[in-house]
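Only the coordinates and a few stated rules stand behind these numbers; no lab work does. What you see is a predicted model; the values in this text were computed from it and never measured. Positions of Cβ are backbone-derived with ideal geometry, glycine not excepted, and every protein chain shown enters the neighbour counts.
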Amino acid sequence: MKRFVLTAIAAMLASPAFAGDVTVIHAGKLIDTEAGRTLENRFIVIEDGLVREVLGARGVAKLDEPDEFIDLSDMTVLPGLSDAHVHLIGKAASYGYNSLAESTPRAAITGVANARKTLEAGFTTVRNVGAPGFADVDLRDAINEGEVPGPRVIPAGRSIGITGGHCDSNLLPYEYADMAGGVADGPWAVRAKVRENKKYGAEAIKFCGTGGVLSKGTTIGAQQFTLEEMKAIVDEAHQLGMKVAVHAHGTKGIKTAIEAGVDSVEHASLIDAEGIRMAKRNGTALSMDIYVSDFILSEGEEAGILEESLEKERQVGRLQRENFQKAARAGATIAFGSDAGVYPHGQNGRQFAYMVEWGLSPMQAIQAATVTNAKLFDREGQIGVIKPGAHADIIAVDGDPTDDISALEDVGFVMKGGEVFKRPGS
């Protein structure tokens, strides 16, 4: 193998120089996420932040001299991963009444650190489903302008919810008049919130369709918003070119949201057979965070999670995993969404092993975090693949994750947009 690499480099050095800024990566193994197969001994040509071509052994001898040659011949290379459900703003150690001491500016500063951890874990694109004060929009802009390192961020701005619902602020008594910025009741009020989110830079919409685990005073299975209100949210968002994610644990709320036309159901803990059939028929993705339960139940109390929330998680955690298994067996579209932020950022890759344990093959789990999420994000051909025209978002791991999916918990090489952010051994 080393002799082959030296021969290839010699051939490149003997050729005329490229016109642009070019990097060539030698991948010992390359996972083709579209075809669901692993290729051997490929050379990825990157020019100006995009993949220009992917060559085999014969093609590499025809290459001109690159600006940089990266030898990953002893690693498995695959596209940068994506996570459809993260909360970059804030920290996993600040829940319940602990969260009241954290200002939005302080949470945003923590978000900068979280973004770097997420990128270095191999997640080059994330959808941030809710943040106070549109801090996720500002974080996206800072990353895009090169001020701070981080993944590509698809911000949802402020989550939309009913008065007293999962997306409201329910910790303080009446005298404080504390209400979350995304609270709205009624079809026209929720349309106004969608428009406001769009105005301030959101690229997706997230609303709460049922109660939640971590919110005080809400019941997991209880539907929040009527069908009419949900339809208004989805219709307005789609008119504005934004996809819609619904937080929904309860069976009725899940099915009502799917009927309303949402693009993805987050959590989907108590989805039933009819709900799975509806999701398949409508092309609705299920983003089920089946790792996070372990963190909540083992470390949540220390992080400030209320006892009522811990009890709700005890009730729903196992059921969610069993329903994930049913959805996987039924062939529903499974997106990779981990709820990072409830657990510490940078540990996103731990969910892969749970997805495999509960019904997906390793390749299917990888596809959930690449091509499936790319379609959900309306970024097909741009992310989640290594092929001409795609962003040069590329990661590499020791071992072969199609044999042992846990390899994705320790990413050794990270490139985003042609820029290297992590090298083996760093």
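Annotations for the structure displayed:
- Of Gly122, Gly28, Gly346, the one that fluctuates the most in a GNM where the chain has Cα springs shorter than 10 Å: Gly28
- Out-of-range pairs (alpha-carbon distance over 19 Å; input Lys193/Lys280; Lys206/Lys255; Lys199/Lys243): Lys193/Lys280
- The base-10 log of I(q)/I(0) for the range 320-403, evaluated at q = 0.13, 0.17, 0.20, 0.26 Å⁻¹, reads -0.46, -0.79, -1.06, -1.38 [Debye formula, identical scatterers on Cα atoms, solvent excluded].
- Loop-located chymotrypsin sites (Phe, Trp or Tyr not before Pro) across the range 186-244 with a Cβ neighbour count of 16 or fewer within 10 Å are Tyr200, with loop assigned by DSSP.
- Aspartates and glutamates with Cα under 18 Å of Lys231, excluding same-chain neighbours fewer than 8 positions away: Asp185, Glu196, Glu259, Asp263, Glu266
- Each Lys and Arg adds +1 at its Cβ and each Asp and Glu adds -1 at its Cβ; summed about the Cα centre, the range 106-166 shows a dipole of about 200 debye.
- Only helices enter the 222 nm calculation for the chain: every DSSP H run of n ≥ 4 contributes -39,500 (n - 2.57), and dividing by all residues gives -9500 deg cm²/dmol, rounded to 500.
- Taking every DSSP bridge with both residues inside the chain, close to 45 percent are antiparallel.
- Reduced Cα scattering model of the range 81-376, Debye log10 I(q)/I(0), q = 0.07, 0.09, 0.10, 0.13 Å⁻¹: -0.22, -0.37, -0.46, -0.83
- A convex hull fitted around the alpha carbon atoms of the range 227-302 yields 107 Å³ per residue.
- Here's the list of lysines a cross-link from Lys422 could span, going by alpha-carbon distance under 17 Å and ignoring same-chain residues fewer than 8 apart: Lys117.
- Per residue, the average separation of C-alpha pairs within less than 8 Å and at least 6 apart gives the chain a relative contact order of 18 percent.
- Choice from Ser82, Ser103, Ser215 showing the highest fluctuation, given a GNM over the chain with Cα pairs closer than 10 Å: Ser103
- Exposure proxy shown here: for Leu297, Leu55, the number of other Cβ atoms within 10 Å sets the order, fewest to most, as Leu297, Leu55.
- Sequence of Glu308, Glu175 once ranked by neighbouring C-beta atoms within 10 Å, starting from the fewest: Glu175, Glu308
- Each of Leu306, Leu81, Leu139 was scored by other Cβ atoms within 10 Å of its Cβ. Arranged with the fewest first, they read Leu306, Leu139, Leu81.
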